[in-house]
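Everything below concerns the one structure shown next.
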Amino acid sequence: MRYGLVAALSASVVFSGVSFGQASDLEVTHWWTSGGEAAAAKVLAEEFDKLGGDKWVDGAIAGSGNTARPIIVSRILGGNPMGATQFNHGRQAEELVQAGLMLDLTELAEKEGWANFIRPKSLLDSCTYEGKIYCAPLNIHSWEWMWINPNVYKEAGLEPPKNWEEFVAAAPKLKEKGITPLATGDGFQVNGILTVLTAAIGGKDLYLKVNKDKDGEAARGPEMKKVLQALADARSMADPGYVGRSWNEATNMVMTGKAGGQIMGDWAQGEFSTAGKVAGKDYDCLPGLGDHALLDTGGDAFYFPKNSDPEITKAQMKLASMLVSKQAQVAFNLAKGSLPIRGDIDLASASTCMKKGIDILGNPDNIIPSTDQLRAPDEQGQIEGLAAEFFSNPEMSVEDMQERFAEIIESAN
């Protein structure tokens, strides 16, 4: 068992409790700060406040998860834990759990029968350590989507692309019209493009061999080379202004006709919805980039750091129960653009793109685990850094990228 830095630091931590003014105030930290994300977070706050007594105190942290997570961890280790905090499904909170810093939700989960309605099973598995449950899954987010503005293509005299190959073929014509073919930002967005291309171009077998089995031979093989060539194509379709651009700014480029499309998770749909855009008319979606209808089952979960105040603990349990309830699941996920973790609720009012996602996830063969579930943070960071270097340097060859990628994969085995 690897405890690492978190466990070493936590050995000296004595929790001082949480200073909220009232014991019934529950500070909730998260990184949902774009328009669509903030609207979805507000839904959760309102649902919690409706229960009466306890109050949601919003602790939004500007920036992506990469910015927020170190702040969240630092507070927990520093003896000033929040009442609840967002992490992604997977191993991001693993060392905090191992160090005994997170509240055990097993009794609540068993009482409410979470295992009977949370799907896929991997979501609850990601919350489980040594047989005990330490987080409440909230939603299913999938990276494997492309969002396009069909009107941009029509105005350029082109048919809207139905897959990645058509998207690449249409790029020169868009450039002639002064339109950026592929809107993106840097950092996690570029790493996300690589992840999506691995599944969409390489297929399920390659995705699992590389990310789950840490197969160096597959990472050096011809199928992975096709993926990295596709990443090189993506590099050539982005505009120089991508550095420092937030993901929702890239989504706005698609909405306003400044770009043809964007590879981004289904949370982008929340931005379209907040702007009043209609799926199938103002924007369209290509799950699996139109090539392989595969979706990962990443997303968000809430953890509850231990504290010394029994009233806060009661409020934590109440929030955990609310997050998985039918009412909260419908209201939140319709606002967020994500899919619910419950298999027993009706989403008749979902958009056509959400319904595409629901249909795909209805077949277990179409589900792949997210890289957050398959990679330790160190491996994830190395691959993100490599992808960023490749994307920013047109002189870096596919062959060089592939060899360095394979070395990271092998070292993680």
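The values are calculated or read from the model by the stated rules, or taken from the named source; none is laboratory data. This one's a predicted model, so the numbers in the text were calculated from it and none came from an experiment. Positions of Cβ are generated from backbone atoms using ideal geometry, with glycine treated the same way; all protein chains shown enter the neighbour counts. Keep in mind that these areas ignore ligands, DNA and RNA; they rest on the heavy atoms of the full protein, side chains included. Shrake-Rupley method; radii C 1.70, N 1.55, O 1.52, S 1.80 Å.
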Please find, within segment 129-163, the residue that is farthest from the chain's Cα centre (by Cα) out of those that are under 15 Å from VAL324 (Cβ atoms) and not hydrophobic (A, V, I, L, M, F, W, C). TYR134
Only one of these is in a loop (DSSP other than H, G, I, E, B), under 26 Å from the mean Cα position of the chain (by Cα) and of a type outside the set (Ser, Thr, Tyr): ASP104, ASP125. Name it. ASP104
Filtering segment 189-223 for residues that are in contact with a helix residue (DSSP H, G or I) (Cβ under 6 Å, 6 or more places away or on another chain) and more than 21 Å from GLY290 (Cα to Cα) leaves a count of 10
Close pairs (7 angstrom Cβ cut-off, 6 or more residues apart or separate chains): over 19 Å from ASN363 (Cα atoms) and hydroxyl-bearing (Ser, Thr, Tyr) in segment 189-209, assigned to a loop (DSSP other than H, G, I, E, B) and open to solvent by 10 Å² or more (accessible area, probe 1.4 Å) anywhere: THR195/TRP143
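Would you confirm whether any residue within segment 108-126 is of a type in the set (Ser, Thr, Tyr), closer than 26 Å to VAL330 by Cα and either in contact with an Asp or Glu (Cβ under 6 Å, 6 or more places away or on another chain) or at pLDDT 95 or above (or both)? First the steps, then the outcome.
Quick first cut of segment 108-126, residues of a type in the set (Ser, Thr, Tyr) only: 122, 126.
After this cut, where a residue has to be closer than 26 Å to VAL330 by Cα as well, the list is 122, 126.
In the following step, the residues that additionally are either in contact with an Asp or Glu (Cβ under 6 Å, 6 or more places away or on another chain) or at pLDDT 95 or above (or both) were identified as none.
So far as segment 108-126 goes, no, none of its residues is of a type in the set (Ser, Thr, Tyr), closer than 26 Å to VAL330 by Cα and either in contact with an Asp or Glu (Cβ under 6 Å, 6 or more places away or on another chain) or at pLDDT 95 or above (or both).
Among the candidates GLU95, GLU155, single out the residue that is under 23 Å from ASN66 (Cβ atoms) and not aromatic (Phe, Trp, Tyr). Steps first, please.
On the way: GLU155 fails: under 23 Å from ASN66 (Cβ atoms).
From the options GLU95, GLU155, the qualifying one is GLU95.
Counting only residues that are outside any strand (DSSP E or B) and in contact with a Phe, Trp or Tyr (Cβ under 8 Å, 6 or more places away or on another chain), which one in segment 268-287 is modelled with the lowest pLDDT?
Residues of segment 268-287 that are outside any strand (DSSP E or B), as a first pass: 268-278, 280-282.
The next check asks that each one be in contact with a Phe, Trp or Tyr (Cβ under 8 Å, 6 or more places away or on another chain); those that pass are 268-269, 272, 277, 282.
Values: ALA268: 91, GLN269: 88, PHE272: 92, LYS277: 93, ASP282: 96.
The residue in question is GLN269.
For the structure I just gave you, tell me whether ALA171 is of a type in the set (Gly, Ala, Ser), more than 26 Å from ALA315 (Cβ to Cβ), open to solvent by less than 10 Å² (accessible area, probe 1.4 Å) and modelled with pLDDT of 95 or more. Spell out the reasoning first.
Numbers: of a type in the set (Gly, Ala, Ser): yes; more than 26 Å from ALA315 (Cβ to Cβ): yes; open to solvent by less than 10 Å² (accessible area, probe 1.4 Å): yes; modelled with pLDDT of 95 or more: yes.
Yes, satisfied.
Take LYS258 and decide whether it is out of contact with any Cys (no Cβ under 9 Å at 6 or more places or on another chain), within 28 Å of SER122 (Cβ to Cβ) and open to solvent by 40 Å² or more (accessible area, probe 1.4 Å). Show your work before the answer.
Working: out of contact with any Cys (no Cβ under 9 Å at 6 or more places or on another chain): yes; within 28 Å of SER122 (Cβ to Cβ): no; open to solvent by 40 Å² or more (accessible area, probe 1.4 Å): yes.
So LYS258 fails the test.
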Please enumerate the residues belonging to segment 53-87 that are surrounded by fewer than 16 Cβ atoms within 10 Å (Cβ to Cβ), touching a Phe, Trp or Tyr at 6+ places or on another chain (Cβ under 9 Å) and part of a helix (DSSP H, G or I). ASN66, THR67
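Exposed (fewer than 15 other Cβ atoms within 10 Å of the Cβ) and on the phi < 0 side of the Ramachandran plot, is that true of GLU155?
It is true that GLU155 is exposed (fewer than 15 other Cβ atoms within 10 Å of the Cβ) and on the phi < 0 side of the Ramachandran plot.
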The one condition in (1) open to solvent by 30 Å² or more (accessible area, probe 1.4 Å); (2) in a loop (DSSP other than H, G, I, E, B) that GLY90 fails to fulfil: (1)
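In segment 140-152, how many are assigned to a loop (DSSP other than H, G, I, E, B) and under 14 Å from VAL254 (Cα atoms)? Quick ask: steps written out before the conclusion?
At the first step, the residues of segment 140-152 found to be assigned to a loop (DSSP other than H, G, I, E, B) are 142-144, 149.
Next, from what is left, pick out any that are under 14 Å from VAL254 (Cα atoms): 149.
The number of residues fulfilling the criteria is 1.
When the residues of segment 123-152 are narrowed to those that are free of Cβ contacts under 8 Å to residues at least 40 places away in the same chain and not hydrophobic (A, V, I, L, M, F, W, C), which ends up most open to solvent (accessible area, probe 1.4 Å)?
Taking segment 123-152 first, the residues free of Cβ contacts under 8 Å to residues at least 40 places away in the same chain are 124-125, 128-133.
Still in the running and not hydrophobic (A, V, I, L, M, F, W, C): 125, 128-132.
Details: ASP125: 76, THR128: 55, TYR129: 51, GLU130: 137, GLY131: 64, LYS132: 92 Å².
Here the answer is GLU130.
Rundown of residues vs (1) among the hydrophobic types (A, V, I, L, M, F, W, C); (2) open to solvent by 10 Å² or more (accessible area, probe 1.4 Å), yes/no style:
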position	(1), (2)
LYS214	no, yes
GLU223	no, yes
VAL227	yes, no
ALA230	yes, no
VAL243	yes, yes
ALA250	yes, no
GLU271	no, yes
GLY276	no, yes
ASP284	no, yes
Given the conditions (1) over 30 Å from LEU44 (Cβ atoms); (2) out of contact with any Pro (no Cβ under 9 Å at 6 or more places or on another chain), which single one is not true for THR184? (1)
Consider LYS258 carefully, then state whether it is farther than 18 Å from LEU289 by Cβ and without any contact (Cβ under 8 Å) to a residue 24 or more places away in the chain. no
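Just checking, does segment 25-39 include any residue being open to solvent by 50 Å² or more (accessible area, probe 1.4 Å), modelled with pLDDT of 95 or more and not in a loop (DSSP other than H, G, I, E, B)?
Initial filter on segment 25-39 (open to solvent by 50 Å² or more (accessible area, probe 1.4 Å)): 33.
So of that shortlist, the ones also modelled with pLDDT of 95 or more come out as none.
No - not one qualifying residue is present in segment 25-39.
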